[in-house]
Amino acid sequence: MKVGLFIPCYIDQFYPQVGIATYQLLEKLGVQADFPRQQTCCGQPMANTGCEQDAKPVYHHFVDTFAGYDYVVAPSGSCVYHVRKHYDVVEQTGAVQHVRQSTFDLFDFITTVLGVTELPGRFPHQVGLHLSCHGQRGLHQANESEMTPVRDGQLSRLLRSVDGLTLTELNRNDECCGFGGTFCITEEAVSARMGQDRVQDHLLNGTEVLTGGDMSCLMHLEGIVRRRQLPMRVMHAAEIFNAALPQPSPSVSTFVPQPIVAES
Amino acid sequence: MSHPQRAAAFTSDAERTTWHDETLWFVRQKRDKAVYAIPEFQQLRQLASDIKEHTLSRLDEYLEQFEQNARANGVQVHWAADAAEHNRIVLDIMRGVGATSLVKSKSMLTEECHLNPFLIKNGIAVVDTDLGERIVQLREEAPSHLVLPAIHLKKEDVGETFHVHLGTPKGEKDPQNLTEAARQHLREKFLIGQVAITGVNFAVAETGAVVVCTNEGNADLGVNLAQVHIACMGMEKLIPRTADLGVFTRLLARSATGQPVTTYTSHFAKPAEGRAMHIVIVDNGRTRQLGRPDFRNSLKCIRCGACMNTCPVYRRSGGHSYDFTVPGPIGAILSPNIDMRQHSTLPFASTLCGSCTDVCPVKIDIHAQLYKWRQIIAQEGELPASKKLGMKLLSTVLAHPGIYRFGGKIAREGLRLLPHGLTHAAAFNPWAKARELPEPPKQSFRDWYAEQVVKL
Ligand code: SF4
C-alpha cells in the first residue's frame, strides 16, 4: 500500500510537530508514508474566497502530485473535504477521480481503511475534543447534534480508548470555532468571538488539553488560548496518540490493512 | 456598510452578544428536543423536500390550478410581477372599498415589498398585529428574525418602547404586564381595522385555499373582524394537495420553536357571506431564482428560522447585520439574487460550517449555495480588489512548489525574527486583534522529513 502524506502548508511551516506526529503514528501502525516534496496546497483558501477559477491550477498540481499513491492521508479534515467535494470543477480524468476517492483524513484512514478503532497507550489528562465542521458535517466522521443526541464519532472513540484519558463533556458539543479560512480575517470580530466562546466552554468544563483533527481550527483556538494566557494546552490528536502510543510492537507492525472501496 | 462592519458593531457589546447568542441557542435546543423525539424526522425532511422540488418543477401548472380553484371559491386573485405592483394592488383594493385602516398579521412578503411605508405615504393607517412585529413597528425598525422579529430586544427595551408609545409605567419590564398592555392596545386596532392582510404559509393548489400558521391567533382575529381579507403570498408557497400539508405543519413548528404544531393553523378558503377575499401572488425575483439551477431550491424555504437559530454567525451578529428582509444563512443566499452588489458580503458571512443545511426542514443545501454565490460574486468582479489580487498571487505561488517553499520559509522566518509588536499590530493584521500568531518553529516539516530520508 503506497500512502502519500499531505501536510497542509500552514502545518508544514508552523506546526511541523503535527506533521511529524502524523508520520510517526502511521509508522507505528505499520504504514510507511511518503511525503512528496513538490506538494503545496489543496486550493481551499482561494476557492472559499470565491476564486475557484484561480484555484484550478492548484487542483491539477495536487492531483499530479498524488495520483501515483493508493491513498493520500492528511491531518486535516478540511483539506480532505475540499479535495473530495470541490474538485468536481476540473475535468474528471481517471487521476482526478482516483485522488478524490482516495484522499482521507488521518483518523478516517486509521478507522476505516486500517480498521483500527482502539489505540493502546496512556495519556492521563482531561482532553477536550473540538470537532471540525468539515470533518463532522462534511465527511460524517462524527454524529451531528442537528440529527441526534448521541455524541459519538471516530475521533472520540479513538481518544476514549487511550488509557487514563478522560473526555470533556461540553455544553455545546459541535459548535463551529469560527476559523472559517479567510473568514477569520474578513469577519474578524465574529470569528474571534466564536473562538472565545468555544474556548470558554472547554475552560468551564475542565479541559486540560484541547485537541481535534483539524489544525486550522486549533491554530485559531490556540491563538485565543495564548492571548488570554489560559491554563490549557492545544495539541493535534495525532500528537496525543503518538505521545501515548509505545514504539511499534510486533502485533501492531504486522498488522495487515484491509483495503476498502472509498465512498465518493 | 458591509456585513463585517455591522457585525463588529454588534459584537462590540459583548454582554448583549452573549445574551443574544444564548437566547437563540435555547430555541435551537428546544428544536433539537422536538426533533429527537420524532424517529422519522429525517424521512419527513426528505418527503418535504421532495414535495417542494416536485412543486417547483411544475410551478406554472400548480399556480394555474390554484388560481382556478381560488376563483371558483369566490376569491379574487391578483398577480404581481414585483414589489411595486404588489403594493399598488393592495392600495387599489383598499381605495376600492374606501378603507383607510389596515391590520396586518405576520408577513415577510409585505416586509420584502416595503408595503408599510408605501401605504402610510398614501394615507393608510397600518398596524402590525403580531406582538413582535408591533414592537419593531413602534420602534421604526425592521424585524431581525423570520419567526422572532423582536429577538434583538431585551424586555427592558420593550418596556421603554411601550412606555413611550403605549403609556405603560416607566421601568415596567414584566413580560406579563407588557403583553397585557399590547393586547389592550391591539384590541382597539382590531376593532377599527377595515381590511386585514395576512401572510400565507402554504397555498394548496387542489383546493385554492391558503393556510396561515400563527401562535397568537392575530391573523384569525384580524380576518374575522374586517370586511376584506387580503392574503399576500410569494409564488413559491404552493403545495399540491391538502394531504401534503401535514408533512409541513409537523416540520414547521418543531424546526422554528420546538413546538409540535403552531397554536393556530387556519385555513382560509372563501370569503364569509357579504365579505371579500383577495389573494395577491407575487414574483419579485422568484422566477429569476427559479431559473438559476444552483440556487433554485432556495425557493423550498418555509421560513421556519431554524437556520438562523443554529447559525453561529447570526447568533453573534444579529439579524440587522444582514440588512436584508430575510436575515441569516437563507437571507445570504436569497439576497444576491435581488441585488448582488449591495449584498455581496453576505455569502461570506459564514464559516461554511454546514449547520444550517443540517437543520433545514426542507433540506436546502444552504452552505453549498453560499459557496457557489462566492464563486459568482468573484467572477462578476464584486470582490474587494485586495482580495482578488491576493488570491491570484496565492494561486501562482501554490501552483509552483519552488516559489511556495521559498514563500513559506520567509513567512516563518519573518515571524520568528520580527518583534511581536510588529507582527501583531492590529492595523496590519486583523488576526492578531484577539489572537496570537503561531509560534514559528526553527524547522519546517519538509526540512525534518528531508533529514529522515537521509537517515533511512
Ligand atoms: S432555509 Fe430552511 S431552515 Fe432556513 S428558514 Fe428556510 S426552511 Fe427554515
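The values are calculated or read from the model by the stated rules, or taken from the named source; none is laboratory data. These figures come from a predicted structure and were not determined experimentally. Backbone-built Cβ (ideal geometry, glycine too); neighbour counts: all protein chains shown.
Some observations on this one:
- Per-region count, the range A:130-152, residues in contact with a strand residue (DSSP E or B) (Cβ under 7 Å, 6 or more places away or on another chain) and either under 16 Å from A:Ser78 (Cα atoms) or in the same structural domain as A:Phe107 (by TED's automatic domain parsing) (or both): 8
- In the range B:265-287, the residues that are part of a strand (DSSP E or B) and closer than 17 Å to B:Ala203 by Cβ: B:Thr265, B:Ser266, B:His267, B:Phe268, B:Met277, B:His278, B:Ile279, B:Val280, B:Ile281, B:Val282
- Long-range neighbours under 7 Å by Cβ, at least six apart or interchain, first residue on the phi < 0 side of the Ramachandran plot within the range B:61-90, second of a type in the set (Lys, Arg): B:Asn73/B:Lys270; B:Val75/B:Lys270; B:Val77/B:Arg71
- Beta carbons closer than 8 Å, at least 6 apart along the sequence or on distinct chains, never pair a first residue in the range B:302-315 that is away from every other protein chain (no Cβ under 11 Å) with a second that is basic (Lys, Arg) and near the ligand (Cβ under 7 Å from one of its atoms).
- Residue within the range A:234-254 that is over 21 Å from A:Lys28 (Cβ atoms), modelled with pLDDT of 95 or more and in a loop (DSSP other than H, G, I, E, B) present: no
- Output for the range A:1-32, where each listed residue is in a strand (DSSP E or B) and facing another protein chain (nearest Cβ under 10 Å): A:Leu5
- Matching helices (runs of 4 or more DSSP H) fully within the range B:288-358 where at least 2 residues are within 14 Å of the ligand (Cβ to nearest atom) and within 9 Å of the chain's Cα centre (by Cα): B:306-310, B:328-338
- Put simply, of A:Val99, A:Val113 the only residue that is in contact with a helix residue (DSSP H, G or I) (Cβ under 6 Å, 6 or more places away or on another chain), β-branched (Val, Ile, Thr) and in contact (Cβ under 8 Å) with a residue 12 or more places away in the chain is A:Val99.
- Some residue of the range B:1-17 being touching a residue at least 60 places away in the same chain (Cβ under 8 Å) and not in a helix (DSSP H, G or I): yes
- Qualifying residue in the range B:232-242 (condition: at pLDDT 95 or above, among the acidic types (Asp, Glu) and either in the same structural domain as B:Val359 (by TED's automatic domain parsing) or within 15 Å of the ligand (Cβ to nearest atom) (or both)): yes
- The conditions of being under 24 Å from B:Ser321 (Cβ atoms) and in a helix (DSSP H, G or I) are not met by A:Asp174.
- Residue-level check: of (1) of a type outside the set (Asp, Glu); (2) touching a Pro at 6+ places or on another chain (Cβ under 8 Å); (3) closer than 22 Å to B:Gly217 by Cα; (4) without any contact (Cβ under 8 Å) to a residue 12 or more places away in the chain, B:Ile135 misses just (4).
- Scanning the range A:123-138 for residues that are at pLDDT below 95 and surrounded by fewer than 24 Cβ atoms within 10 Å (Cβ to Cβ) yields a single hit, A:Gly138.
- Complete set of residues in the range B:243-277 that are hydroxyl-bearing (Ser, Thr, Tyr) and either within 14 Å of chain A (Cβ to nearest Cβ) or more than 16 Å from the ligand (Cβ to nearest atom) (or both): B:Ser255, B:Thr263, B:Tyr264, B:Thr265, B:Ser266
- Complete set of residues in the range B:316-335 that are without any contact (Cβ under 8 Å) to a residue 40 or more places away in the chain and more than 27 Å from A:Arg198 (Cα to Cα): B:Phe324, B:Ser335
- Scanning the range B:187-228 for residues that are over 19 Å from B:Gly98 (Cα atoms) and aromatic (Phe, Trp, Tyr) yields one hit, B:Phe202.
- Checklist (1) outside the structural domain of B:Ala80 (by TED's automatic domain parsing); (2) crowded, with 20+ Cβ neighbours inside 10 Å; (3) more than 16 Å from the ligand (Cβ to nearest atom) applied to B:Val280, failing item: (1)
- If you go through the range B:190-211 and keep only what is under 21 Å from B:Glu111 (Cβ atoms), touching a residue at least 60 places away in the same chain (Cβ under 8 Å), of a type in the set (A, V, I, L, M) and touching a helix residue (DSSP H, G or I) at 6+ places or on another chain (Cβ under 7 Å), you end up with B:Val195, B:Ala196, B:Ile197, B:Ala203.
- Condition broken by A:Glu208, with the remaining ones in (1) crowded, with 23+ Cβ neighbours inside 10 Å; (2) over 28 Å from A:Gly43 (Cβ atoms) satisfied: (1)
- All positions within the range B:187-200 that are in contact with a Lys or Arg (Cβ under 8 Å, 6 or more places away or on another chain) and either over 12 Å from B:Val126 (Cα atoms) or outside the structural domain of B:Gly98 (by TED's automatic domain parsing) (or both): B:Thr198, B:Gly199, B:Val200
- Of all residue pairs spaced 6 or more apart or on separate chains, those with beta-carbon atoms under 6 Å, a first member in the range B:354-374 that is within 8 Å of chain A (Cβ to nearest Cβ) and more than 17 Å from A:Glu175 (Cβ to Cβ) and a second member that is more than 10 Å from the ligand (Cβ to nearest atom) and assigned to a loop (DSSP other than H, G, I, E, B) are B:Arg374/A:Gly50.
- Here A:Arg84 passes the criteria (1) out of contact with any Lys or Arg (no Cβ under 6 Å at 6 or more places or on another chain); (2) closer than 19 Å to A:Met215 by Cα except the one numbered (1).
- Consider the range A:33-46 and keep the residues that are closer than 30 Å to B:Leu370 by Cα and not in a loop (DSSP other than H, G, I, E, B). The one that is nearest to the other protein chains (Cβ to nearest Cβ) is A:Met46.
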